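Below is one structure, written out as structure tokens; comments come after it.
The values are calculated or read from the model by the stated rules, or taken from the named source; none is laboratory data. Values in this document were obtained by computation on a predicted structure and should not be read as measured data. Quick reminder, even Gly has a Cβ in these numbers, built from the backbone with ideal geometry, and neighbours come from all protein chains shown. Accessible surface is based on the protein model in full, side chains and every heavy atom, while ligands, DNA and RNA are left aside. Shrake-Rupley method; radii C 1.70, N 1.55, O 1.52, S 1.80 Å.
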Amino acid sequence: MQSESSTNVLGRRWIRWILLLIVTIIAFAAVLVPALLIQPFKLQTSDRLNLSYSLRHWSPMITLMALSLALLIVISLWNQTRRWWRKGLLVSFFIPLLVAPWFARQNHFEWMFKPLPNAAFANVNDAGFIAEGEMVLAVELNGDAAAYPIRQIAYHHVVQDTIGGIPVLVTY
């Protein structure tokens, strides 16, 4: 029969394991949720975009705090953990948390929405790749006009161009 003090220690130890799991999930959610909310060709509501940009702003701090808290938890559990596989589990929770702050500082929006490289432009008469009735985004500046097919801009989101002698950044 276990004594009351050993049962309390065991109970507190499991609380720290669960807390380590929660901290790990929070750190990865802070990094992954913004990328999942703002994927190309997915529903992008204003609420989802606001949440994505807020998490993107706070994720470096969240991941550093999670890493610090996880380090304290791992240190507190290390000496009490006797079995090698449990120590391996502690390490397997902690090592990915070392990478999370780095990912939090990356601009994953740029990874997903790359500008159209070497965009080619065609006169209206030569633009055979645009079907009748296809939606385009049209811009007119200084008497010069340009139209961009929505199906192409929807993926790349950004096209750099010059219209009427003015450099523009067209986005959708």
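Some points to look at:
- Considering the stretch 40-112, the qualifying helices (runs of 4 or more DSSP H), each wholly inside and each with 2 or more residues that are of a type in the set (Val, Ile, Thr), run over 46-78, 84-104.
- Among the numbered conditions (1) surrounded by 12 or more Cβ atoms within 10 Å (Cβ to Cβ); (2) under 28 Å from the mean Cα position of the chain (by Cα); (3) in a strand (DSSP E or B), the only one that residue 169 does not meet is (1).
- Residue in the stretch 139-161 that is nearest to residue 43 (Cα to Cα), counting only those that are open to solvent by 80 Å² or more (accessible area, probe 1.4 Å), out of contact with any Pro (no Cβ under 9 Å at 6 or more places or on another chain) and outside any helix (DSSP H, G or I): 140
- Checked against (1) open to solvent by 60 Å² or more (accessible area, probe 1.4 Å); (2) more than 17 Å from residue 105 (Cα to Cα); (3) out of contact with any helix residue (DSSP H, G or I) (no Cβ under 6 Å at 6 or more places or on another chain), residue 39 meets all criteria but (1).
- Candidates 22, 15, 38, filtered to the one that is modelled with pLDDT of 85 or more and either on the phi > 0 side of the Ramachandran plot or within 26 Å of the chain's Cα centre (by Cα) (or both): 22
- So residue 164, is it at positive phi and surrounded by 12 or more Cβ atoms within 10 Å (Cβ to Cβ): yes
- Search result, residues across the stretch 25-82 that are within 30 Å of residue 13 (Cα to Cα) and either of a type in the set (Gly, Ala, Ser) or touching a Cys at 6+ places or on another chain (Cβ under 7 Å) (or both): 27, 29, 30, 59, 66, 68, 70, 76
- Close Cβ contacts (under 8 Å, 6 or more residues apart or on different chains) running from residues in the stretch 121-144 that are under 15 Å from residue 165 (Cβ atoms) and among the acidic types (Asp, Glu) to residues that are open to solvent by less than 70 Å² (accessible area, probe 1.4 Å) and part of a loop (DSSP other than H, G, I, E, B) comprise 140/164; 144/164; 144/165.
- Any hit, the stretch 41-59, residues being of a type in the set (Val, Ile, Thr) and touching a residue at least 12 places away in the same chain (Cβ under 8 Å): no
- Condition check for residue 30: buried (at least 16 other Cβ atoms within 10 Å of the Cβ) and touching a residue at least 60 places away in the same chain (Cβ under 8 Å): yes
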